[in-house]
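Here's the structure, in structure tokens; my notes come after.
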Amino acid sequence: MTVKKPIFQTQAQKQYSEMNDLPSAQPTAVKDPYPSRLASPPDSLWIERQDAVVKGRELSGPLSQAQLDEFERKGFLFIPNLIKGDELKALRDEMDAMMSRDEFRNKAFSITEPESQEIRSLFAVHFLSERFKALAEDERLAGAARQIIGDDPYVHQSRINYKPGFAGKGFNWHSDFETWHTEDGMPRMHAVSASLILTDNHEFNGPLMLIPGSQEKFVQCIGETPEDNHKSSLKAQEVGVPSPEALTELVREHGIEAPKGEAGGLLLFDCNVLHASNANLSPDPRSNVFFVFNRPDNRCHKPYAAKKERPKFLAHQPGEQWSVDAP
């Protein structure tokens, strides 16, 4: 595994022209550019995105200009067979070892299936595992994020997702940014997710589905954020879900794609692209390790539509240290 430098040591020259997008603190007098969790339906199905999708074309990194073009157009990019052989096996072994640790099972950062005690997601894995920390700093992931978001990134969130055969439940349509904005206080759309698939993804085991082009539309959602919403939303999201009318129009215009491939492929997707997954009705598990890379000047502040911040394992800050005993 090739690791250059820790991603927290920011040296890149910013190539974007949005330096005044983000104040160092979130002043309450500034109008929310992406209002959501509304009390009543808005006048339109969505509002236009106000931030560029690709911001660091001139920065060094592993992605070609053609790949950046595809990401900008679709809101995601799938790179098959990025990791292979012994390196992939070591990552899969690490995942299996972490998911089977009994001391993690009843922790807040360990999310179980809605109807069982089988672990569905394990958060903050770049703090729990040196191997996954090294993967988060690997140029193949962090360098790609740098080119997309326009600066050396930090890890806003990391997790292992596991969807067991026959038992893994689906997840409703949503924009990650809508949640991170309303519940974590992420100001703008300057984040990208990197999902390395650790088991083969095929049409029967609940692969991620995405609406290409939907990253350009911010779909406002209805309903107040409940207290401690994360305790239920990480199992089954019910608040922060786009309206059927908005989804119908976007799918009619853009369709749905589900990138599939062998273990070791990397899916990069924009923070605002709409995505979902079906239940796993096959005997084959589906798993991935997932890193959210955010721009340092886009760090989270006060939530825009929640009464309090979510736990730290869901929303890290640049340079932050975290432990299993943290709230």
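The values are calculated or read from the model by the stated rules, or taken from the named source; none is laboratory data. No experiment lies behind these values; they were computed from the predicted model shown. Virtual Cβ from ideal backbone geometry, glycine too; neighbours counted across all protein chains shown.
Among the residues making up segment 203-223, those that are buried (at least 21 other Cβ atoms within 10 Å of the Cβ) and not polar (S, T, N, Q) are Gly206, Pro207, Leu208, Leu210, Ile211, Lys217, Phe218, Val219, Cys221. Scan segment 295-310 residue by residue and report those that are assigned to a loop (DSSP other than H, G, I, E, B), of a type outside the set (Lys, Arg) and more than 14 Å from Pro33 (Cα to Cα). Answer for segment 295-310, where residues must be assigned to a loop (DSSP other than H, G, I, E, B), of a type outside the set (Lys, Arg) and more than 14 Å from Pro33 (Cα to Cα): Cys300, His301, Ala306, Glu309. With the condition kept exactly as written, say whether any residue in segment 71-87 is crowded, with 21+ Cβ neighbours inside 10 Å, more than 27 Å from Ile256 (Cα to Cα) and touching a residue at least 40 places away in the same chain (Cβ under 8 Å). No, segment 71-87 has no match at all. Screening Arg146, Arg120 for residues that are under 24 Å from Arg310 (Cβ atoms) and either in a helix (DSSP H, G or I) or of a type in the set (D, E, K, R) (or both) leaves exactly one candidate, Arg120. Taking (1) under 19 Å from the mean Cα position of the chain (by Cα); (2) in a helix (DSSP H, G or I); (3) modelled with pLDDT under 95; (4) not polar (S, T, N, Q) in turn, Leu135 satisfies each apart from (3). Within segment 181-202, the set of residues being surrounded by 23 or more Cβ atoms within 10 Å (Cβ to Cβ), under 18 Å from Ile160 (Cα atoms) and among the β-branched types (Val, Ile, Thr) comprises Val192, Ile197. Residues in segment 6-29: is at least one modelled with pLDDT under 50, in a loop (DSSP other than H, G, I, E, B), surrounded by 11 or more Cβ atoms within 10 Å (Cβ to Cβ) and in contact with a Ser or Thr (Cβ under 9 Å, 6 or more places away or on another chain)? Looking through segment 6-29, at least one residue is modelled with pLDDT under 50, in a loop (DSSP other than H, G, I, E, B), surrounded by 11 or more Cβ atoms within 10 Å (Cβ to Cβ) and in contact with a Ser or Thr (Cβ under 9 Å, 6 or more places away or on another chain). Restricting attention to segment 56-70 and to residues that are assigned to a helix (DSSP H, G or I) and without any contact (Cβ under 8 Å) to a residue 60 or more places away in the chain, the residue that is surrounded by the fewest Cβ atoms within 10 Å (Cβ to Cβ) turns out to be Ala66.
Of all the residues in segment 209-230, those that are out of contact with any strand residue (DSSP E or B) (no Cβ under 6 Å at 6 or more places or on another chain) and part of a helix (DSSP H, G or I) number 3.
Of the residues examined, Gly206 is not one that is small (Gly, Ala, Ser) and out of contact with any strand residue (DSSP E or B) (no Cβ under 8 Å at 6 or more places or on another chain).
For segment 288-296, the condition holds for at least one residue, the condition being that it is polar (S, T, N, Q), touching a helix residue (DSSP H, G or I) at 6+ places or on another chain (Cβ under 8 Å) and modelled with pLDDT of 95 or more. The set of residues in segment 244-280 being among the hydroxyl-bearing types (Ser, Thr, Tyr) and either under 14 Å from Gly75 (Cβ atoms) or surrounded by fewer than 17 Cβ atoms within 10 Å (Cβ to Cβ) (or both) consists of Thr248 alone.
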